[in-house]
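Asker: Quick one: the structure is below, and I'll ask about it shortly.
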């Protein structure tokens, strides 16, 4: 039974007819689209000469720094306050800073970087709060379907949006488009439904006059809660390894292999489109599919990303590369949706945002490190060995995570099951109490120990 306080939806009622879920879906879609749009639009500004490559790098670095700084703090605040309130304020902060990014791109690199950091902070703050708000709005039996619908909307927008955005930039200009992302952040801030006034079980005022715990104490509690679930720790390690290697190979080495081995950008465009199409197919599949060993199936899906760097290593035919990225896209959603659903189900509700913040902090936080290291590694050791290592890590990390306790079903084994799995130590047998001899019978027996003469046998 779910510990979250929302009553179950009417049986048979589709999620698309649930007003609360529709508002949540619209808000998260707007947030995801705004997150994708900023680097894409700034990239178009570099192409049209209104922004330098150095300015683009500074803005994206500042946005990443803001994201990483805000994620853990927002996770702690979302577990203290209303999750809806954290979503509202983080979205409004990003909405207010987005026009300043456009102004800074034209006037001041320092202003642009500072505004981009605030946008990144808003993005990072809303992610764990949205995860926890989903658990409050959607009843537990419908969450996998809901998480699939949320990720499906983001995949559709990222498939359609690049062409539409490039077309709009020729009419409105990139500055107007950057400022326009403020509308998306405003929608993300204002549209989601109201959840609980405070997370279930949260200590809002402090116990009996005691001082409220510090943010560091709250973060330490969230870390302890994550460690209570070995499947979560191992799965997060596998996800971080795949992102730091497989995603980095895509971001840095896919363009290089496409240019050197296939002589153009067609493979790059085909691989990225195939990845998004595969992710769409994976989201549709996992919305209904309930594998009996959900955790192992999810980790197997994550391991499919290994075929992406492996296809670049072989570089046999463009169709092989595109097909590998389709598989990777399918697999990533076969992992993401059950992963989010299991986290929302298994983690203590009052600590859900903090544990979700650890997810985003490690998985996305180490991605820039992989991007920064993979190019020097390719220069030092060659593209082939680096791709081989990336593929091996993508295959091996989920396989190792599958060995963790609870990984098969993404569930923490109950105490009774854990006790039954341990070898039982039988207590030593108590020595039998010797029986008192029947002295009368012993005296009646003849010296030879046999029965008395003439007596019936057995007497």
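The values are calculated or read from the model by the stated rules, or taken from the named source; none is laboratory data. All values derive from a computational prediction rather than experimental measurement. Reconstructed Cβ throughout: ideal geometry from the backbone, glycine too, with neighbour counts over all protein chains shown.
Asker: Is the stretch 131-145 home to any residue that is in the same structural domain as residue 51 (by TED's automatic domain parsing), part of a helix (DSSP H, G or I) and under 14 Å from residue 37 (Cβ atoms)?
Answerer: No, the conditions are met nowhere in the stretch 131-145.
Asker: What number of residues within the stretch 114-136 are farther than 16 Å from residue 181 by Cα and surrounded by fewer than 24 Cβ atoms within 10 Å (Cβ to Cβ)?
Answerer: 1
Residues are listed down the side, and each one gets a yes or a no for (1) buried (at least 20 other Cβ atoms within 10 Å of the Cβ); (2) more than 30 Å from residue 82 (Cα to Cα); (3) in the same structural domain as residue 60 (by TED's automatic domain parsing):
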| site | (1), (2), (3) |
| --- | --- |
| 333 | yes, no, no |
| 337 | yes, no, no |
| 340 | yes, no, no |
| 351 | yes, no, no |
| 371 | no, yes, no |
| 374 | yes, yes, no |
| 378 | no, yes, no |
| 383 | yes, yes, no |
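Asker: Another question, if that's okay. Within the stretch 219-242, how many residues are surrounded by fewer than 23 Cβ atoms within 10 Å (Cβ to Cβ) and either in a helix (DSSP H, G or I) or not assigned by TED's automatic domain parsing to the domain that holds residue 397 (or both)?
Answerer: Residues in the stretch 219-242 being surrounded by fewer than 23 Cβ atoms within 10 Å (Cβ to Cβ) and either in a helix (DSSP H, G or I) or not assigned by TED's automatic domain parsing to the domain that holds residue 397 (or both): 15 in total.
Asker: Can I ask one more? Kindly indicate which of 376, 398, 338 is closer than 14 Å to residue 240 by Cα and not in a loop (DSSP other than H, G, I, E, B).
Answerer: Values: 376 fails: closer than 14 Å to residue 240 by Cα; 338 fails: closer than 14 Å to residue 240 by Cα.
Criteria check complete, one pass: 398.
Asker: Here's a follow-up. Which condition number in (1) closer than 26 Å to residue 91 by Cα; (2) exposed (fewer than 14 other Cβ atoms within 10 Å of the Cβ); (3) at pLDDT 85 or above; (4) in contact with a helix residue (DSSP H, G or I) (Cβ under 8 Å, 6 or more places away or on another chain) is the one that residue 182 fails?
Answerer: (2)
Asker: Still on this structure: Of the residues 315, 308, 328, only one is under 19 Å from the mean Cα position of the chain (by Cα) and in the same structural domain as residue 376 (by TED's automatic domain parsing); which? So that I can check it myself, show each step before the final result.
Answerer: Values: 315 fails: under 19 Å from the mean Cα position of the chain (by Cα); 308 fails: under 19 Å from the mean Cα position of the chain (by Cα).
Criteria check complete, one pass: 328.
Asker: Step by step: first the residues of the stretch 379-395, then only those that are without any contact (Cβ under 8 Å) to a residue 40 or more places away in the chain and in a helix (DSSP H, G or I), then the one that is nearest to residue 298 (Cα to Cα). Which residue is that?
Answerer: We begin by selecting, within the stretch 379-395, every residue without any contact (Cβ under 8 Å) to a residue 40 or more places away in the chain; these are 379-382, 385.
In the following step, the residues that additionally are in a helix (DSSP H, G or I) were identified as 379-381, 385.
Details: 379: 34, 380: 34, 381: 32, 385: 28 Å.
Restricting to residues being without any contact (Cβ under 8 Å) to a residue 40 or more places away in the chain and in a helix (DSSP H, G or I), the top hit is 385.
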